[in-house]
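*Asks:* Can you keep this structure in mind? I'll have questions shortly.
We did not get these values from a lab; they are worked out from the coordinates using the rules stated. Model, not experiment: these values are computed from the prediction.
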Amino acid sequence: DLDHPIDLNHDPLAASLLGPRARPPSPPPQQAAAASKFRLPPPPEAQKQLADAYWANAEEAVPQRFGAAELSGSALTTVVPGKVWVIRQLLTADEALEVRRLGEAAGLLLPNKAAGVEGLR
């Protein structure tokens, strides 16, 4: 305030902000990181077995398609017009629980009311 300037030598707030400060405490000594142990790749026969299983599945016909032509209007719920929508019954109840379990195991947390989400599924 130019009409009522603060006397920096006698104002307690100015003194606390502009005055000498104590040195911050030194950080605790860091411990050496534990050695990482990398997982070995599976043996070649297991890799071939996995590749064969993958390609056998990839060659099969798609059991269910979710293109615009395959979805009826009653199967969709629009959340944000033209941008976000929900497909009802895309996953079975067991599949949905498994996806939720995997997310929680990976560290995802349930939504909360403070985030503006009720957590309804």
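*Asks:* I'd like the Karplus ³J(HN,Hα) series for region 38-44: coefficients 6.51, -1.76, 1.60, θ = phi - 60°, whole numbers in Hz, and an x wherever there's a Gly or Pro.
*Replies:* Running phi through 6.51 cos²θ - 1.76 cosθ + 1.60 with θ = phi - 60° gives 7, 6, 6, x, x, x, x Hz.
*Asks:* Now for a different question. Pop out the ³J(HN,Hα) list for region 24-29 in order, Karplus 6.51 cos²θ - 1.76 cosθ + 1.60 with θ = phi - 60°, rounded to Hz; leave Gly and Pro as x.
*Replies:* The phi angles translate into x, x, 6, x, x, x Hz.
*Asks:* Still on this structure, I have one more. How much length would be gained if the chain were fully extended between Glu104 and Val86, taking 0.36 nm per residue of separation minus their Cα-Cα distance, in nm to one decimal?
*Replies:* Contour length minus Cα-Cα distance gives 4.3 nm.
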